[in-house]
Amino acid sequence: MMLSGAWNSIKLALVSAFFTSILGILIGYSIVRDRGKLLSKMNDALSFAPYIFPGIAFGAIYLTMFAKAHGPIPALYGTFTILVLVSVAKHVPYSSRTGTAAMMEVNKELEEAAELQGAGFLKRFSKIIFPLTKSGLIAGFMLSFITVMRELSLIVLLVTPKTKVLTTLIYDYAERGFHQFGDAITMLVVIITLTVTIIIRRFQKTDLSKGIGG
Amino acid sequence: MPGEKIKITNLYKKWGDVTAIDNMNLTIEEGDFITLLGPSGCGKTTTLRSIAGLEDPSGGQIYLNEKLVFSKKEEIVVTPAKRNLGLVFQSYALWPHMTVFENIAFGLKIKKLPKQEVRNKVLSVLEDMKLKGYEGRYPQELSGGQQQRIAIARMIVNRPDIYLMDEPLSNLDAKLRVDMRSELKELHQRSGATTVYVTHDQVEAMTMSTKICIMKDGVIQQVGSPEEVYHRPANLFVAEFISNPRMNFFDGPVLSESGRKFVNAGGIKLRIDPEVIRDKKAVKVAIRPEDFILTDSGIEYEVTSYLPAGSSNLVYAQNGNDKIAIMFDGSYRVNAGEKIKINVKEELFNLYDIETGNRLF
Ligand SMILES: Nc1ncnc2c1ncn2[C@@H]1O[C@H](COP(=O)(O)OP(=O)(O)O)[C@@H](O)[C@H]1O
Ligand SMILES: [Mg+2]
């Protein structure tokens, strides 16, 4: 139970953080590159929507939205996908902030220089934008990872026994009076979060000193 | 006969209320080294970026090699990569996370050239640009002058047939700037690539170009050879802008004497064609400092200052309210307070309409 919970938690946090930070940088890109255009204004406003709803309400919305199949979208209730979906949606506003800040640092001429040399969007993104925004991207990734690891209210309505994560386990144990179990799992969450933070920090440091030529 | 390499017709670019390019028509011939010259904000960069395809003009057409690459009406936009041109940005826009080698090799790798060929080409360009031995360094570890060479190397390694350069020398110190002028000129002669060069420095424009295009507020003022724009400025703006050392201007009243017409330029009587002057009461006269001569029959001026500069001397002199700058060759000596008699060399003056500022003669 605890092992599968830990695995679910880590999986959820990793996958959500991955999509959250990638989306964050893409939104940041569109905001910074067509500043002033309608698209970027809409983007700016829309990506803030999830700030407004409390997590549990957000979860409830998703619960009703995806309880039944709609056209090509299957019923997602009880799947891992819906947990990722709701976590990503909840955290994109934060990561699009970091993404925008990171993109502001990239002079658009750096990208245009690559465009003139024949690099298409994917090449420009992977060879120029991504390397130059990497530290922002990693910061966004870490932030999402940690918050998803600690998230309860958002997903409590959406988990089923199969997709239980650590925080919902803590909640279960606390409800049933098994406080020691709850405390142990809390410790586990803290340890996982810390470990991942340290690993990423280490990776980021060596990489930066190599990349910028120190 | 060389072909039309770049042709711009009725080009507009507006940013809200600001018109950066105002109905531009310009033809650039194959092999030209044309300089877009004008004060900051006159639309030089916007023009260059429009040719490159990085800007979306509000109207007009652009042809490269007589092929339409941009047309607002026909909704034609050829992407920058397909225009076969290279651009050196004012900021250089070198990629800070790539070594010098990787910066220069980037375009070749995109084209999927074999590794060995990429290596050979990059090393050969590095040698040409005197950057040998720096291939493993990062751009920010190198000096401004070296960074600029990397930016040029990155452009020429792809062998584009049009070079676009946006104030490439403006971030360099004075000595390096002078050296680079001749290097860029040699580069142009070697490659034969049609070059569009942007600067706000008239000396740079005069020394490097085969053609100069002078702009103001998004409007072309004159296109011509360096000699033409220097000796025959099309209007008062150009006369004033191409003015190193300074141009002398006089508000000259028109005099009529027994059917002949003269204009008074600081006491000097210049005979002019009645056809040109018509019934105008006054015109603006512009005379370059080097177009005066010393002559006993001249008008008397008092020297107010003497500024020797080695190969030439600049003399400031005054006659009543008229102050002028005169350039003499380096051997000429004179002291402040001395009187000199001067005249204007035959026909070496330009007349402008006071109202429109356009050249009459
Ligand atoms: N991205 C932009 N947004 C708004 N105005 C711009 C932009 N780029 C240039 N301009 C304006 O267009 C005019 C011409 O600019 P530019 O082509 O950069 O001039 P130059 O290169 O001759 O100094 C200026 O008034 C400038 O403020
Ligand atoms: Mg400019």
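Within the stretch B:64-105, what residues put their amide N at less than 20 Å from the label point 7 Å along the Cα-to-Cβ vector of B:S170?
Taking a point 7 Å out along Cα→Cβ of B:S170, the residues of the stretch B:64-105 whose backbone N falls under 20 Å are B:86-95.
I'd like to check one number: the per residue accessible area of the stretch B:4-241, probe 1.4 Å, reported in Å² as a whole number. Working shown, then result.
Details: 10090 Å² over 238 residues.
Spelled out: the 1.4 Å probe surface of the stretch B:4-241, per residue, equals 42 Å².
Would you mind pulling out the separation of the Cα centroids of the stretch B:115-136 and the stretch B:2-44, in Å?
34 Å
Which ³J(HN,Hα) values in Hz, rounded to whole numbers, follow from the phi angles of the stretch B:198-213 under the Karplus curve 6.51 cos²θ - 1.76 cosθ + 1.60, where θ = phi - 60° and Gly and Pro get x?
Along the stretch B:198-213, the couplings run 10, 7, 10, 9, 5, 5, 4, 4, 5, 7, 9, 8, 8, 8, 10, 10 Hz.
If R0 is 25 Å, what FRET efficiency do you get for B:K82 and B:R119 from their C-beta distance, rounded to 0.05? Don't skip to the answer; put the middle values down first.
On the way: r = 26 Å, r/R0 = 1.05.
It comes to 0.45.
If you take each beta carbon of peptide A:123-136 and count the beta carbons of other chains within 10 angstrom, what is the mean?
Working: counts 3, 0, 0, 0, 7, 4, 0, 1, 4, 3, 0, 1, 0, 0.
For peptide A:123-136, the averaged partner shielding equals 2.
For the pair A:F178 and B:T356, how long in nm is the line joining their label points, each one 7 Å along Cα→Cβ?
So the two model labels end up 9.6 nm from each other.
Add +1 for every Lys or Arg and -1 for every Asp or Glu among the other residues with Cβ under 11 Å from the Cβ of B:G218, and state the total. Please report the intermediate quantities before stating the final value.
Details: positive: B:K13, B:K14, B:K44, B:K216; negative: B:D22, B:D217.
Surrounding charge for B:G218 is +2.
State which entries of B:K44/B:K185; B:K67/B:K111; B:K7/B:K115 exceed 28 angstrom in Cα-Cα distance in the structure shown.
Values: B:K44/B:K185 20 Å; B:K67/B:K111 23 Å; B:K7/B:K115 37 Å.
Over 28 Å Cα-Cα: B:K7/B:K115.
Once neighbouring chains are kept in place and the probe is 1.4 Å, which whole percent of the accessible area of the stretch B:4-241 is contributed by carbon and sulfur?
Exposed carbon and sulfur together represent 48 percent of the surface.
Per-residue mean of other chain beta-carbon atoms within 10 angstrom of the beta-carbon, peptide A:105-115?
On the way: counts 0, 0, 4, 2, 10, 8, 2, 8, 17, 6, 6.
Other-chain Cβ atoms within 10 Å of each residue's Cβ, averaged: 6.
Could you give the length gained on full extension between B:A309 and B:R333, defined as 0.36 nm per residue of separation minus the Cα-Cα distance, in nm?
Values: separation 24, 0.36 × 24 = 8.64 nm, distance 1.17 nm.
Roughly 7.5 nm would be gained on extension.
Among the lysines, which fall within straight-line cross-link reach of B:K261, defined as a Cα-Cα distance under 26 Å, with same-chain neighbours fewer than 8 residues apart omitted?
By straight Cα distance, B:K261 reaches B:K269, B:K280, B:K281, B:K284, B:K323, B:K341, B:K345.
Only helical DSSP H runs with n ≥ 4 go in: add -39500 (n - 2.57) per run for chain B, normalise by residue count and round the 222 nm mean residue ellipticity to 500 deg cm²/dmol.
Details: 9 runs with 88 residues, N = 361.
Value at 222 nm, helices only: -7000 deg cm²/dmol.
Quick one: buried accessible area between A and B, total over both chains, 1.4 angstrom probe, nearest 100 Å²? Let's see the in-between values first.
Details: alone 12250 and 17760 Å², together 28110 Å².
The buried area between A and B, both sides summed, comes to about 1900 Å².
Setting aside same-chain residues fewer than 8 positions from B:K73, which aspartates and glutamates have a Cα under 18 Å from its Cα?
Cross-link targets: B:D22, B:E55, B:D56.
Give me the inter-chain shielding for B:92-100: mean count of other chain Cβ atoms within 10 Å, whole number please. Let's see the in-between values first.
On the way: counts 3, 9, 3, 8, 7, 11, 4, 1, 0.
So the per-residue partner count for this stretch is 5.
If you line up the long axis of helix B:100-110 against the longest principal axis of chain B, both from Cα atoms, how many degrees apart are they, to the nearest 10?
That helix lies at roughly 70 degrees to the long axis.
Within 14 Å, Cβ to Cβ, of B:S58, how many net charges do the neighbouring residues add up to if Lys/Arg are +1 and Asp/Glu are -1?
Details: positive: B:K13, B:K14, B:R49, B:K72, B:K73; negative: B:D17, B:D22, B:E55, B:D56, B:E75.
So the surrounding residues net to 0.
Check the straight Cα-Cα distances from A:K90 and name the lysines below 24 Å, setting aside those fewer than 8 residues away within the same chain.
A:K11, A:K41, A:K68, A:K134, A:K162, A:K164
The values are calculated or read from the model by the stated rules, or taken from the named source; none is laboratory data. All values reported here derive from a predicted model rather than from experimental measurement. Quick reminder, even Gly has a Cβ in these numbers, built from the backbone with ideal geometry, and neighbours come from all protein chains shown. Note: areas computed on protein heavy atoms with side chains; ligands, DNA, RNA excluded. Shrake-Rupley method; radii C 1.70, N 1.55, O 1.52, S 1.80 Å.
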